[in-house]
Amino acid sequence: MGRAGPAAPAPGPPGREGTGSYPRPVPGELRQQLFAPATAMEAFCGSRFWDSNLTIHTDYPDLTPCFQNTILAWIPSIYLWSALPFYLFYLKRNKRGYIVLSVLSRFKTLFGVLLWCVSWADLFYSFHEALQNRTPPPVYFVTPLVVGITVLLATLLIQYERLRGVQSSGVLIIFWFLSVLCAMGPFWSKIMTTTPQDHVNQRFRFTTFYVYFALIIIELILSCFKEKPPFFSPVNVDANPCPELNSGFLSRLTFWWFTSMAIHGYKRPLEDKDLWSLNEDDTSKTIVQQLSKEWDREKAECKQKEDVSYMKESNHALNHVGGSPEEAEVLIRDKKHNRKPSFLKALLRTFGPYFLIGSFFKLIQDLLSFINPHLLSILIGFIKNKDAPAWWGFLIAALMFICAVLQTLILHQHFQYCYVTGMRLRTGITGVIYRKSLAITNSAKRSSTVGEIVNLMSVDAQRFMDLMTFLNMLWSAPLQIFLALYFLWQTLGPPVLAGVAVMVLLIPFNSAIAIKTRAFQVEQMQYKDSRIKLMNEILGGIKVLKLYAWEPSFSEKVLEIRKNELRVLKKSAYLNSLSTFAWISAPFLVALTTFAVYVSVNEKNILDAEKAFVSLSYFNILRFPLNMFPQVISNIAQTSVSLKRIQQFLSHDELDPNCVETKVIAPGNAISVRNATFSWGKELKPTLKDINMLVPSGSLVAIVGHVGCGKSSLVSALLGEMEKLEGEVAVKGSVAYVPQQAWIQNATLKDNILFGQAPNEEKYQNTLEACALKTDLEVLPGGDQTEIGEKGINLSGGQRQRVSLARAVYSSSDIFLLDDPLSAVDSHVAKHIFDKVIGPDGVLKGKTRILVTHGISFLPQVDHIIVLVDGKISEMGSYQELLKQNKAFAEFLRNYALDEDIEEDESIMLEEEEVLLAEDTLSIHTDLANNEPVTNEVHKQFLRQLSIVSSEGGECPNKMSTKRRVCEKKPAEPPLPRKNANEKLIQAETIETGTVKLMVFWQYMKAVSPVISLVICFLYCCQNAAAIGANVWLSDWTNEPVVNGTQRNKAMRIGVYAALGLLQGLIVLICSFTLAMGGINAARTLHAALLENKFHTPQSFYDTTPTGRIINRFSKDIHIIDEVIPPTILMFLGTFFTSLSTMIVIIASTPLFAVVIVPLAILYFFVQRFYVTTSRQLKRLESVSRSPIYSHFSETVSGASVIRAYKRVQAFVDISDLKVDENQKSYYPSIVSNRWLGIRVEFVGSCVVLFAALFAVLGRNSLNAGLVGLSVSYALQVTLSLNWMVQMTSELETNIVAVERIKEYSETETEAPWIIEGKRPPEDWPSKGELEFVNYSVRYRKGLDLVLKGLNLQVHGGEKIGIVGRTGAGKSSMTLCLFRILEAVKGEIKIDGVKISEIGLHDLRSRLTIIPQDPVLFSGTLRMNLDPFNKYSDEEIWKALELSHLKRFVSSQPSMLDYECSEGGENLSVGQRQLVCLARALLRKTRILILDEATAAIDLETDDLIQMTIRTQFVDCTVLTIAHRLNTIMDYTRVLVLDNGTIAEFDTPANLIAAKGIFYSMAKDAGLA
């Protein structure tokens, strides 16, 4: 206003000395001071420089010609010249190729040249006048010269930018805009004030000015158009490049380029293909490269320093004659000092400069935010002063609007820079960690589990990302606080300190709450983890729970944990509502204390509108930095912990790539090792000592030895995976490696075998044939395109091993290192593989093969045998030679030969192991689509890789099959008809799209309870009413007339104000309490309903739904309902009512405002709808694309040795980069969508400010200052709440879906009731144990064929029945029918004459006993695993353990019956687990026992124990055995032979053999007949 500009002396800002007395002559002495320099100015211009009567105190303002010709004309030039050096520097650094000369560019240049001509025409006209002795004042020479040169510079810049490939120049747009702005004054003045006579005198100058004005407007319009993309720029091959690169300056400033995606997302849900590709600078390739370079540089610098200091020290030691000891000490200390390379430095160097640009924007925005309160005070002064000209008011309103809009634009640029930095940080850190994880040594890897490393990548990198947003608050908060206090001091003086004191006192209060909340969070996380772990086990073993009728016990355990979890939640909810109370009441308390102290200190202190409302605006500015500052500090503390962890991980030792020599080797040999000693880590004792071996090219070498003697280590050593302490190793040629535990990627089966090699169909088919995979492909749902789950979860152990072998065979390397590939497969398959692949006539003949094996039968066929004993080679030679020596090897043979003999009989087992039905496949895969980061990968200790030691001495021939699912679903159907070739494992989960139905909100309200919901809304209305009341009261107070220099009834004024404010705080407190309670209530109800339903759901649901998907409901969705939805609702209601009350206040004070509300509301609504749909979908895409990063990473870490062996490191790094980029591709638009929204919503807010001020100016005659202050200060706050409201709507809509998902799973169909009152069977039922099937048929699920067709049979009490039949005949289905896991289609089963379909499921299931095929144990004590309901006494349990041969083992454990079983019973061997199941059966001891034999031979010893126990202990019970090995049932009463769901034969074994039917042929195969 009064400010004239930098060079102009000016009267101080008006309205400071006395309130609002504007039209006031400048006192004499002041005028002397003011215009002393002005005389020089006058000489320069030839006229007055400044005349306030002409400019300010008039209804038609005008500027003096002198001011127009100097200040206004020079502003654009000053701007352009000061920006020039920086801009040129920027252009030099950034070249994007040049742009072809376009019509646009030609016109811009043409008009620029014309402008230059026009300016200099003025200059020459001045010379012309001078020649005619009418010398004009100097300004008429200087200004045209300056303007002319500046315009010429601008024209040259246009061309220079074109050559550097700038499509749209911000610098020039601002320049032309300023020029037009500054030319407005003279333009107005020339039209308004000139007399006809002036026209004649100044005709030339007038003409040139009008031409100049027209040209700069044209230039401004032209510069807003953008040029075509540059020529020769790197060709963009992207199908869908990001429009940001080619968008113009204005489009970038307002994020207009994003609009296309917003509209797209509004019309239909976005998909992957709609996402733009990343900008070059944001891709992993660019960022990780830069960061790695800086990190390597940092490491190199540290190393250099270290070397220098070592040198110094050694010299010192030599010359240490006269040197003082202190010096030596300093050096040593020094050395320690500069040892660690700092990852932070590397990060700063990589990302610092970019981030600083954002900080610069923040600085400007901070300064701008203080202008509006200042303008408010001027506005209030203007309202009070009834004589002021109206245009002042309009100017103030316009300035407020411009200031608000500028603030918005700049703030969002700052956020954009911060978020992009955060995003790049995450990309960089993820990439660096991934690359490091492929290079670290095994000992380093052991120091952190896979889960921890994945955590570094997910949690710690995320922390950096979150910190970036607010990192600038570190300097910005103190700055804002200081400025606000300074201005407050100016307004109110010392009483401000009272208010500040209150604020400062609230900080420790808030931080105390924060600390406590964090503690609660940790506690609650522990409960949550244990609940999820338990749920995981329950869902894994749900079938066993059903068979044993154990659901109530486990349900109780879950609810117990949940109760504790909610207890903690409740506590933290109380705390949160306290902090909400503090946050809402803080500004009010501060204002209250300040005003109270202000009016009490001095009678003469009057609280007028200006002081009150301006102070309030400053307090509102203070609120944010004061709250954020402690938070940023604590965030920095957390991030520094993360930084340390990442730095520590990145500083781990790496494997030495030159540990194994690959070039030089003795001719004719493929591998040579001389005097080598290896260990798993520098600090560990050597595992292999003095190894000497030469392997001739093309030979087959077997390595044998006892468990743990170093066989696998030797293979690892040849791969370079171990630390070589001495000696040398050379390996010539490419290597293929088959580890002991097959490593399978989450990809299709074919990709697992090809492993990045070029596909070659013939070779591929031969490989499959050789590795016996052909039969497996037939049963997998998608053939070789079947997607394999994580860790190969939907393949059996044997299949995994064969895939791993096929990968090696297909790679056609020169050397094959096979680490015991035959132990996981059945014996006949092992024979097939040895003959077809490994042996002398296999596919690999002529290649060098090293085979670790336990299979003795193959040893006679190998070329050399190496015998290892305790890490040393005890003997080597051919089979015959070693037998003759009769040393360690011969003893080894004797130990193992016994097992082999028994196995030979069994080798004709049905190939059950190989048949894995689609059914099985579906049921197991864990759906990771939206699991949270894989932190729960508690990894089995790394040592398992060294050698798998089972708890018994020997290694059981089938340890891998323990992972296999209960095979009872096998007979379900014949192999499914081939579905489309690339059948995905998982039917995609339905992703919810579109808006959320109101139904869901209603369901949530019902869970909270409708009454509480209404109460909450009512309370919110009260709270806002109280808030408005307090402010209206304040405005009324400020209007109280001043009598004798004081205001009356101060005490009453303060009292009512305080009462209203505190009432508001109190209501907030009650409200958030109520909401928290309601939320917890809802959480309890929803979880209980979900759990209840899941325990009652029939088995078929679990067979077709991946556990992961159910677990997701229990973890992620419940988490959202517990912790995310209530605060979101709180925020939403808060912002909604705040915005509402703002509108009410403004309309009440200026009713005209109602007219504008409708169009603004419509604009707001549209922006909000566009944003919400797009951003929700982007969030979903982002979370879906995030988990593959982590699962691929944990997969890589566990398969690092295989990846290195096959030299695929780079390929895997590329895959990881690709996955990260895919994720950032959806993250980047979601950042931008927030900026896009912010700018549009805040524009609506700025309009509210503009209209509030405008209508205040228009209606100033009827308004008092207090009301204006009230309405405008409300308007200034509205922007924030409007913005938050949209964000919260979006959050709420995104998250409320969880309620829907949980509801969906709480309402799936249930099985029959557990107990039917009035139909309960007698206590001792079944007393006889008679079974009868009457015309019984059953199918697995609707739409599938019958599995059992019209069975009729009768079993008498105490009979022993064996059930046999080929795979798929329906053996297992029979047992499932007895337990009613499958319900009959027609017919019925009677037990002791009771129809089982009429009694409750638990009554039925608890009276039958089963020993299932796969022993399932739950984590917990051994007692809990035997007797979850605590029904039996200790004696009974010990008796059962004794009979099941476990007593010795259990009594040897220190905790006896309380021995902790780990998850899945991992700390017991498979055999022991089977015996635990036997013990369960012995405890229950019911009249009917069903024994489902384990498919693959667990160790034979256990098997015999079980059979023996059953024969002795269950003499008088009815026993049904599903037999896979006939020798177990040859002495049974009768044998039932099933074929294709019908009874083929049913008689005593002897009769059946005599009848020469199916049973006979089976017995013949097994060598029993």
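Nothing in this text is a laboratory measurement; each read-out follows from the coordinates by a stated rule. Keep in mind it's a predicted model, so treat the numbers as computed, not measured. No Cβ is skipped: glycine too gets one built from the backbone with ideal geometry, and neighbour counts run over all protein chains shown.
General remarks:
- Length gained when the stretch Lys1564-Ala758 is fully extended (0.36 nm per residue, less Cα-Cα span): 285.5 nm
- Spherically averaged projected area of region 1009-1056 from its Cα convex hull (nm²): 3.6
- Calculated from the alpha-carbon coordinates, region 1112-1223 shows an Rg and a Dmax of 24.3, 78 Å respectively.
- Positive-end residue, the chain charge dipole about Cα centroid, Cβ charges, pick of Ser811, Phe225, Gly871: Phe225
- Reachable lysines, given that their alpha-carbon falls under 19 Å from the alpha-carbon of Lys1386 and they are not under 8 places away in the same chain: Lys1342, Lys1349, Lys1371, Lys1395
- Virtual paramagnetic centre 7 Å along Cα→Cβ of Arg96, amide N under 18 Å, in region 266-285: 276-283
- Contour minus Cα-Cα distance for Ile371 and Thr286 (0.36 nm per residue): 26.5 nm
- Calculated on the alpha-carbon coordinates, the convex hull of region 1007-1141 measures out at 111 cubic angstrom per residue.
- Look at the dipole of the chain built from charges on Cβ: of Ile703, Val459, Ile1231, the Cα furthest out on the positive end belongs to Ile1231.
- Taking a Cβ cut-off of under 15 Å around Leu1353, the surrounding Lys, Arg, Asp and Glu residues balance to a net charge of -2, with basic ones at +1 and acidic ones at -1.
- Diffusion of region 1153-1292 by Stokes-Einstein, at 20 °C in a medium of 1.002 mPa s and with Rh set to the Kirkwood radius over alpha-carbon pairs, works out to 114 µm²/s.
- Three-way shape call for region 1276-1367 based on the alpha-carbon gyration tensor, with the a/c threshold at 1.5: prolate
- Approximate spin-label separation Glu560-Ser1262, in nm, with each point projected 7 Å along Cα-to-Cβ: 7.2
- Alpha-carbon centroids, region 804-855 and region 620-672: separation in whole Å: 39
- Region 91-148: Rg to Rh, with Rh as the Kirkwood radius over Cα pairs: 1.27
- Summing charges over all other residues whose Cβ lies under 13 Å from the Cβ of Tyr1336, with Lys and Arg as +1 and Asp and Glu as -1, gives +3.
- Size of electric dipole in the chain: Cβ of Lys, Arg +1 and of Asp, Glu -1, about Cα centre, debye, nearest 20: 4620
- Region 1088-1160: C-alpha gyration tensor shape, a/c 1.5 cut-off, then a/b vs b/c: prolate
- Only Lys, Arg, Asp and Glu carry charge here, each on its Cβ (+1 for the first two, -1 for the last two); on that basis region 62-144 has a dipole of about 720 debye about its Cα centre.
- Taken over region 470-520, the ratio of Cα radius of gyration to 2.2 N^0.38 Å equals 1.45.
- Cα-Cα over 25 Å, subset of Lys516/Lys1179; Lys1179/Lys1303; Lys345/Lys1225; Lys226/Lys362; Lys571/Lys1094; Lys305/Lys685: Lys516/Lys1179; Lys345/Lys1225; Lys226/Lys362; Lys571/Lys1094; Lys305/Lys685
- Surface/4 estimate of mean projected area, convex hull on alpha-carbon atoms of region 1336-1424, nm²: 7.9
- Computed P(r) (all Cα pairs; the chain; 10 Å bins; percent): 1, 6, 11, 15, 15, 14, 12, 9, 7, 5, 3, 1, 0, 0, 0
- For region 575-655: rounded, prolate or oblate by the Cα gyration tensor [a/c cutoff 1.5]: prolate
- Within-11-Å neighbourhood charge of Gln765 [Cβ basis; K, R +1; D, E -1]: -2
- Since only Phe581, Gln304, Val147 are under comparison, the one whose Cα sits farthest along the positive direction of the charge dipole of the chain, derived from C-beta charges on Lys, Arg, Asp and Glu, is Val147.
- Potential extension, Ser260-Thr1308 segment - 0.36 nm per residue separation minus Cα distance: 373.2 nm
- Simple point charges give the picture: +1 on the Cβ of Lys and Arg, -1 on the Cβ of Asp and Glu, and for region 1012-1131 a dipole about the Cα centre of about 180 debye.
- Theoretical FRET efficiency, 1/(1+(r/R0)^6), r = Cβ-Cβ of Glu301 and Asn1467, R0 35 Å, to 0.05: 0.15
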